[in-house]
Amino acid sequence: MERALQKEGFATLNLAYLSRKYPLEVLVDDIHAAIYRFAMQTDALHFVTHSMGGLLAQLYLAKHRPIRLHRVVMLGPPNGGSEVADFLKETAPYRAFYGPAGQQIGTKRESSARLTPPDYCVGIIAGNKTIDPFSSFFIVPRPNDGKVSVESTRLKGMTDHLVLGATHSGLLRHQGAINQTISFLRDGRFLRTADNPSPDHLR
């Protein structure tokens with residue numbers, strides 16, 4: 001995704017964050033300095049996120065919204081929460097791997113991690129393929145990407161929504177998701193096909 005965006009002329013800042021160590025509200029402040037410096041070098045600032053990054057971006061924009069904010073694309077965001085997190089969050093392996101932030105992405109979200117409808121341009125890409133049959137069939141409502149249901153990716157106030165045949169982790173390398181991300185950043189909408197018409201509320 002990053003290489004494709006750079007090839008299209010976008011300058012990129014690929015941020016990592018310590019979700020295994022800190023909750024989302026702390027991470028919001030941790031990433032602020034790097035984003036602020038990067039924002040000062042561009043006329044239009046976009047965000048492209050994956051999974052939990054979509055939640056972090058929304059909380060960040062609610063607290064540190066850049067003046068030059070333009071468009072946001074979220075890939076597989078658990079906006080409505082993750083049933084997998086609900087199922088596993090009390091287990092030691094999950095707690096060790098996903099850390100404090102992982103405890104905040106369930107369907108029953110604590111107040112500090114709750115989201116408000118965006119007042120900026122947001123496009124969401126959901127996947128509907130999985131390589132994890134157990135969670136896909138027994139934990140997460142279908143259709144889903146093995147981690148997040150298509151329904152859970154939706155966000156009140158979103159600008160556009162698209163479903164692609166990709167797994168949760170595969171969204172970042174899926175050529176269709178890459179092409180659609182570039183389209184949204186440039187034009188503020190996804191390219192529509194017969195398999196992916198505009199959602200009813202966007203028609």
Per-residue HN-Hα couplings for region 13-30 [Karplus 6.51, -1.76, 1.60; θ = phi - 60°; Hz; x = Gly/Pro]
10, 9, 9, 9, 8, 8, 5, 7, 10, 10, x, 4, 5, 7, 4, 3, 6, 5
Give the percent of DSSP beta bridges with both residues in the chain that are antiparallel, rounded to the nearest 5.
5 percent
Amide hydrogen neighbours beyond the local backbone of R68, cut-off 5 Å, H modeled
none
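Going by how many other Cβ atoms sit within 10 Å of their own, how do V26, V48 line up, fewest first?
Numbers: V26 14, V48 26.
Final ranking by Cβ density, sparse to dense: V26, V48.
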Name the residues whose placed amide hydrogens come within less than 5 Å of the amide hydrogen of V48, ignoring near sequence neighbours (fewer than 5 apart) on the same chain.
V73
Specify whether the C-alpha gyration tensor of region 11-101 places it in the rounded, prolate or oblate class, a ≥ b ≥ c being the square roots of the eigenvalues: rounded for a/c under 1.5, otherwise prolate if a/b is larger than b/c and oblate if not.
prolate
Determine ³J(HN,Hα), in whole Hz, for all residues of region 162-167 in sequence, where each value follows from phi through the Karplus function 6.51 cos²θ - 1.76 cosθ + 1.60 and θ = phi - 60°; x replaces Gly and Pro.
9, 10, 10, x, 9, 7
List L24, L69 from most exposed to least, where exposure is judged by having the fewest other Cβ atoms within 10 Å.
L69, L24
For region 1-74 versus region 156-198, the gap between their alpha-carbon centres in whole angstrom
19 Å
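From the square roots a ≥ b ≥ c of the eigenvalues of the alpha-carbon gyration tensor of the chain, which class results: rounded (a/c under 1.5), prolate (a/b over b/c), or oblate?
Since a/c reaches 1.5 but b/c is at least a/b, the shape of the chain is classed as oblate.
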What ranking do S19, S149, S82 get, fewest neighbouring Cβ atoms within 10 angstrom at the top?
S19, S149, S82
If contacts are Cα pairs under 8 angstrom and at least 6 residues apart, what is the relative contact order of the chain in percent?
21 percent
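With a/c under 1.5 counting as rounded, go ahead and sort region 50-115 into rounded, prolate or oblate using the C-alpha gyration tensor (a ≥ b ≥ c being the square roots of the eigenvalues; past the cut-off, prolate if a/b is larger than b/c, else oblate).
Values: a/c = 2.38, a/b = 2.15, b/c = 1.11.
Cα axes put region 50-115 in the prolate bin.
Every number in this text was worked out from the coordinates using simple rules, so none of it is lab data. This one's a predicted model, so the numbers in the text were calculated from it and none came from an experiment. Note that we place each Cβ from the backbone using ideal geometry, even for glycine, and neighbour counts take in every protein chain shown.
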